[in-house]
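The values are calculated or read from the model by the stated rules, or taken from the named source; none is laboratory data. Predicted model, so just to flag it, every value in this text is computed and none were measured. In this analysis, Cβ positions are derived from the backbone assuming ideal geometry, glycine residues included, and neighbour counts consider all displayed protein chains. Side chains are part of the model used for accessible areas, which takes the heavy atoms of the whole protein and leaves out ligands, DNA and RNA. Shrake-Rupley method; radii C 1.70, N 1.55, O 1.52, S 1.80 Å.
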Amino acid sequence: MNTDTNYYDRIPNNVNLSEDKKLQRALEKWLPNYLDWWREMGPDGFQEKDVWLRTAVDVGSEGWAHFDYVKMPDYRWGIFLEPAKPDAVVGFGDNYGRPAYQEVPGEFRNALRRIIVTQGDTEPASVEQQRQLGKTCPSLYDLRNLFQVNVEEGRHLWAMVYLLHGYFGRDGRDEADALLERRSGNPDKPRILEAFNQPCDDWLNFFAFTMFTDRDGKYQLSALAESGFEPLARTCRFMLTEEAHHMFVGDTGLGRVVRRTAQLMKEGDVRELGGIPLDIIQKYINFWFSYSLDLFGGEISSNSADFFAAGLKGRYKEQEQFTEHTAANQIFTMQVVEDGQLKPREVPLRNALNELLRGEYVKDCEKGLARWNKVLAEEGLSERLYLPNPRFHRHVGEYAGHYFDLEGKLISREEFEQRQAEWLPTMEDREYVRSLMHPVYEVGKIANWIAPPAAGIKGKPFDFEYVRL
Ligand SMILES: [Fe+2]
Ligand SMILES: [Fe+2]
């Protein structure tokens, strides 16, 4: 364990909080507001139950994942950053090679605060979206995983609030307060990004959300983990270690649904047998994949260029993947809609970095699809799942306001509206999925619409009492 890890402080941390009294007081003032929010908007109905949870007690490879029974409100939400590197430099852009920023560069203060607030806002939003899911969990194993994701999203909010309080003064504190005031799906004070206002009220949504939307988080955090603003980079690097589990939950969750559906397809009619038909799974993929693509922002973006130039937001694996770190005087070609047709357009690479990051994300999602298709193949079925074209069903960027089919072909609005029910979940689809969602709270038992996991958590078997009810 790090010598400077203060796990038993009121706010566990490895940032020497007790030496910065002003910041400590500010965060201790925010803490009860956070707990009020958690009790009001965190998992409904399970606050007093013992849950077998992983708690971060340190960032070291050994000590950061400590497992024990915890009541969620007693979870040790802490502030953990990867250790500082004394010789850290700006890794890309116009200031490449200069010492990393330990304070916010003045001219980017507002933009950087916006990035942190936008990232921070997604964390409590997802807890709010998922707060009723415990009531319909398919197993205790899944219930634990849901709560693990929830408490860690709460910790990620802490990580962002630490940056706001620690580096942005008064307006940072105001933003930190506002993070507890917005509510997912509330028309008067919605969360900032649309995917985080969409209902996530059944477990198929939850698995698709953690597969596709948490994975957007992985790519945003990865780009920020490259940041020349060191406190942000160190925060994001540690968050990524926790985020990996969220994507595991979604990826394997959907894989288990696919397996069960495949088994039922061989027995007869999936609906009659109480499973989720493959075409509904495909529609959920189409829905969450397209909404998650929007989270990367516009295809052509001067913000992305400015942020890269300033050394604040890099490319995915900037240090590992690239030898040239200025990305200047390079061209990126993308398809845009012009005069009612798709046409190639050349843009400076720096203006295309959102699209570049989105491309990395799509490749990663394709690997998930390959894993699920392997399940279908293992079960002896010839059906396959796929990702829609990234132009399909977009609400942000170059393709918003235009209509595309699943292959990415430009179509009319009328055609889209006619065929929408084939491509995206209908009310009836959603109601059908919801009709299957009955809680299974018995140790070692599982709902009929999903297969059990290949293994339990941290060496425990599937029939371990992951949550004591
Ligand atoms: Fe998160
Ligand atoms: Fe997450």
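Going through region 215-229 one residue at a time, which ones are part of a helix (DSSP H, G or I) and touching a Gly at 6+ places or on another chain (Cβ under 6 Å)?
A223
Please find, within region 1-52, the residue that is modelled with the highest pLDDT out of those that are over 25 Å from the mean Cα position of the chain (by Cα) and hydroxyl-bearing (S, T, Y).
Among them, the one singled out is S18.
Got a sec? Which of R260, R170, R271 is basic (K, R), out of contact with any helix residue (DSSP H, G or I) (no Cβ under 7 Å at 6 or more places or on another chain) and crowded, with 19+ Cβ neighbours inside 10 Å?
Residue meeting the stated conditions: R260.
Every residue in region 121-167 that is closer than 16 Å to L35 by Cα, open to solvent by less than 10 Å² (accessible area, probe 1.4 Å) and in contact with a strand residue (DSSP E or B) (Cβ under 7 Å, 6 or more places away or on another chain), please.
F147, V151, W158, A159, listed by residue number.
Among the helices (runs of 4 or more DSSP H) contained in region 340-443, which hold 2 or more residues that are modelled with pLDDT of 95 or more and aromatic (F, W, Y)?
Answer list for region 340-443: 353-378, 413-423.
Where residues in region 311-349 are closer than 28 Å to G106 by Cβ and among the basic types (K, R), which of them is surrounded by the fewest Cβ atoms within 10 Å (Cβ to Cβ)?
This residue is R315.
Scan region 247-256 and tell me whether some residue there is away from ligand 2 (no atom under 16 Å from the Cβ), at pLDDT 95 or above and out of contact with any helix residue (DSSP H, G or I) (no Cβ under 7 Å at 6 or more places or on another chain).
yes
Can you say whether R183 is open to solvent by less than 40 Å² (accessible area, probe 1.4 Å) and more than 13 Å from ligand 2 (Cβ to nearest atom), as far as the supplied structure shows?
Yes: the conditions hold for R183.
Contact list please: Cβ distance under 9 Å, first residue in region 235-254 and more than 13 Å from A56 (Cβ to Cβ) and in contact (Cβ under 8 Å) with a residue 60 or more places away in the chain, second residue open to solvent by 30 Å² or more (accessible area, probe 1.4 Å) and within 11 Å of ligand 1 (Cβ to nearest atom), pairs at least six apart or on different chains.
Cβ pairs passing all conditions: H246/K218.
Which number in (1) modelled with pLDDT under 95; (2) under 25 Å from F248 (Cα atoms); (3) touching a Lys or Arg at 6+ places or on another chain (Cβ under 6 Å) marks the one condition that F307 misses?
Every condition holds for F307 apart from (2).
State yes or no: is Y466 open to solvent by 20 Å² or more (accessible area, probe 1.4 Å) and of a type in the set (F, W, Y)?
Working: open to solvent by 20 Å² or more (accessible area, probe 1.4 Å): no; of a type in the set (F, W, Y): yes.
Considered against the rule, which asks whether it is open to solvent by 20 Å² or more (accessible area, probe 1.4 Å) and of a type in the set (F, W, Y), Y466 comes out as no.
Which condition does K367 not pass, out of (1) farther than 19 Å from T252 by Cα; (2) within 23 Å of the chain's Cα centre (by Cα); (3) surrounded by fewer than 16 Cβ atoms within 10 Å (Cβ to Cβ), if it passes all the others?
With (1) farther than 19 Å from T252 by Cα; (2) within 23 Å of the chain's Cα centre (by Cα); (3) surrounded by fewer than 16 Cβ atoms within 10 Å (Cβ to Cβ) applied to K367, the lone miss is (1).
Name the helices (runs of 4 or more DSSP H) wholly inside region 130-214 in which the number of residues that are within 16 Å of ligand 1 (Cβ to nearest atom) and under 30 Å from E82 (Cβ atoms) is 3 or more.
140-167
Quick one: what pairs do we get from region 338-350, first residue among the acidic types (D, E), second open to solvent by 60 Å² or more (accessible area, probe 1.4 Å), C-beta under 8 Å, 6+ apart or different chains?
As it stands, the answer is E338/R345; E346/I331; E346/T333, since those pairs meet every condition given.
Take region 238-253 and flag every residue that is within 13 Å of ligand 1 (Cβ to nearest atom) and either open to solvent by 10 Å² or more (accessible area, probe 1.4 Å) or within 24 Å of G456 (Cβ to Cβ) (or both).
Result: L240, T241, E242, E243, A244, H245, H246, M247, V249, G250.
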